[in-house]
Every structure is written in structure tokens, then in C-alpha cells.
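To keep things clear, I will list the structure first and then write my remarks on it.
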Amino acid sequence: MRPKAKMLSQSLPNGSVRCLACARYCEIAPGLSGFCGVRSNEGGKLALSVYGKPCAIWVDPVEKKPMYHFLPGTPIYSIGTFGCNFSCEFCQNYDISQAPHEARKRDPQKWQNYFKLLLERTDSLPPQTAVQNALVSGCRSLAFTYNEPTIFTEYALDIMAIAKKKGLKGVYVTNGYESKECWDAVRGFIDAANIDLKAYNQNFYSRLCKVPDFEPVKDSIKYAKRLGIWVEVTTLIIPDWNDNPDELRSECEFLASIDKEMPLHLTAYHPDYRMLNKPPTPPSTLLAARKIALDSGLKHVYCGNIPSAYSDYETTFCPKCSSPLIKRLGFSVIANDIKDGKCKHCKYSLKGVWK
């Protein structure tokens, strides 16, 4: 299967291609792949090896993305592929996202043969079938998630071109390393995004994610908002790495300068992949970070991956009258007092996508 959507690429005079999907802007020589391992140069043209080959397909609660101000309480058809443009030491979906990187490490010369075999064993899912499955499952939206959707944008666009005609919305759950060209391409097809702002220091991104610069993530948050895409932000708090109060304050002030009602999800880390030497984030660390966020002016700050005893920190409160409006327990909505996007008590219009 080949994408109908225009490939995010640029041909270069020497037979190489420049990938325009993410802020790495990889220049790929013939027969080679970019950093993500799934966007390659075949005969001077960019090819997407994971097109139509998702390795993770689930119907999730939209709250799991996490999206709290986007069609709350509804199921979302969720798709992920192999590969990622990051290589995070703490990745919680490393078995799929890091598959190309692990194959490279195993055999730098023949890794593409191994990865090709992996894809051959993966069932195909054409765009039309993905949309039909979403409709049959009672979903009102589709999420491109589990790994980094930026790297399979053309597949996502082909799906959403069909989904939009059926009244379905689209969501990116992303590390925010999209290029401007990528954001422009998904405008009108992707309605919402949860963007990871993994830390507010370059050392974190360089050492733990193998990313040269985190400014593109900040730019993505601003640019996606400018395009009219609903944005929620997630920061996974890892003790001693990104829990410095001053850095958290700078992050939250940055987000508040864009939109005080942009939801921020502070989630607890647990040991995974190559970072097994840190204990899970204690709830007290998340609550301290939440206080910093609220003091910085943010109106909707949530805590996740912590025991149900802390479920009040998953509740949406009215910014005007402080009434609890959406109560959650885990990934379930147990009460919703928002009607037509407004607080039932004081009629304040909350920002989000409610219908």
C-alpha cells in the first residue's frame, strides 16, 4: 500500500531525500533510513515502511490518552506502529517504538532485513478498514498513539481523509517534535493533540531522549494552538531529572503564557526499558508540582498514574465558580456537570471539545 497523501519529503540533487515530517529533518541517502527507522529512501523517493501496518490497535477510553477536555467519557479507536523519532531511556511502549533502534543495535548491517521480516508478520490495516472498525466500535474519534504518530503522518492523513467524511475526529498523542510542514499538513484532519513536554531542560532531552534540541517541542505547542488544534500537555515527572521546582515553574509559566486553560497532565514515572534504577514517582512529588502549576496561573492541572485515593486530582473544576464538573476514577468518567461546554452552575464556557 502506498500513501495517497503527499509525502512529507524533499528530493535533493545527489539522490538523497530530506524528510520533512519532524524537526530532525533527516537527510537520507539511497537505501538508508532516517533516525526513526521507518522513513527510508527508495530510489530517490521517500518511502514509509509502516504504512498500513499498525502493530497496536485498541479501543481505549479517551481519558487514557490522556485527553480530559476532549469528548469526555467516549471511546477512541487507537492506532500505533513501530518506530519513533526519539529514543527515550524510560519509554513505556519500547517494545514497538524502539523496535527499529533495537534492531540496529543487534545488527547494524542487516537490521533492515530483520525489521522487514517483522513488518511482514504484521497484519495490514487499510485506511478504509480502520475507519470502518472505529465506527463499528462506537468510537467518535481516532487516536494516533502508542508510538510517535509524526513518523507515520501520511498513513494518519489517509485514514482521517475518510474518517472526516464519517464525522469522526482525530487525535495525535505526540512528543511534539513535528516540523512546521507536518503541522500544516494535519490541519483540518487532526482536531486535538496531547503533546509531551518531557522536561524544561536540554540535559534531559539530550541524555534521556537522544534529542538535540527541545525548542521544537515548545514551538509545536504554540503552533498547534495557532492552527486551532485543541492541545493538552503531559509531563511525566521523573525524580531528580525533571522535578526541580524552578524548572517546573518555568515550564508552567510558559504554558500559562499561551493559554491558562490548556490542561496540564502531571503523571508518575515507573521504572521501564533502560531506566530501572529510579523508584516510581511518589504522589507527594506530583502534588507539589501541581501546586506550582496552579500558582503559575494554569487552571486545569491533573495528576495521573497514582492511586485512586488521589482521584480528586483528576477532577475538572470550573475556573469561575470552582464547582467540580467532571469527576473521574482512573479512566472512567463518573459524573459530568458540563452541558454544551458550559458549567451547569454558573454557565461559564470551558475551553475544550465537548461535542
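Count the net charge of all other residues whose Cβ sits under 11 Å from the Cβ of Glu178, scoring Lys and Arg as +1 and Asp and Glu as -1. Write down the numbers at each step before the final one.
Details: positive: Arg24, Lys180; negative: Glu148, Glu181, Asp184, Asp219.
The answer is -2.
Expressed per residue, the C-alpha convex hull volume of segment 2-47 stands at 68 Å³.
For segment 133-278, what ratio Rg/Rh do Cα atoms give with a Kirkwood hydrodynamic radius? The partial results should precede the final answer.
Values: Rg = 16.1 Å, Rh = 16.3 Å.
The Rg/Rh ratio comes out at 0.99.
To the nearest ten degrees, helix 283-295 and the longest principal axis of the Cα atoms of the chain are 80 degrees apart. Pairs over the 32 Å Cα-Cα cut-off, from the set Lys164/Lys218; Lys278/Lys339; Lys53/Lys327; Lys222/Lys347; Lys291/Lys342: Lys278/Lys339; Lys53/Lys327. Taking each residue as 0.36 nm, the span from Lys344 to Ala288 lengthens on full extension beyond its C-alpha to C-alpha distance by 17.1 nm. Evaluated at q = 0.16, 0.28, 0.29 Å⁻¹, a Debye calculation over the C-alpha positions of segment 239-282 (equal weights, vacuum) places log10 I(q)/I(0) at -0.56, -1.01, -1.04. Here Lys355 and Arg121 are evaluated by their C-beta separation; at R0 = 51 Å the FRET efficiency comes out at 0.80.
Ellipsoid fit via the Cα gyration tensor, the chain: semi-axes of 33, 24, 18 Å, each the root of five times an eigenvalue, largest first.
Between Glu261 and Asp312, the distance separating the two model label sites (each 7 Å from Cα on the Cα→Cβ line) works out to 2.5 nm.
Counting only alpha carbon atoms, the long axis of helix 153-163 and the longest principal axis of the chain meet at about 60°.
Put a dot 7 Å past the Cα of Asp95, heading toward its Cβ, do the same for Met1, and the two dots end up 2.3 nm apart. Taking the Cα centre of segment 56-310 as origin, sum charge times position over the Cβ atoms of Lys and Arg (+1) and Asp and Glu (-1), and report the length of that vector in debye to the nearest 20. My answer is approximately 380 debye. The stretch between Glu102 and Leu32 holds 23.6 nm of extra length on full extension. This uses 0.36 nm per residue minus the Cα-Cα distance. Relative to the compact-globule estimate of 2.2 N^0.38 Å, the Cα radius of gyration of segment 257-355 comes out at 1.20. For the chain, the longest principal axis of the Cα atoms and the long axis of helix 245-258 meet at an angle of about 90 degrees. Here r is the Cβ-Cβ distance between Ser250 and Arg226 and R0 is 22 Å; the resulting FRET efficiency, rounded to 0.05, is 0.55.
Throughout, read-outs are computed from the coordinates displayed, never taken from laboratory work. Note that the coordinates shown come from a computational prediction; the quantities given were computed from them, not determined experimentally. Note that each Cβ is placed from the backbone with ideal geometry, even for glycine, and that neighbours are counted across all protein chains shown.
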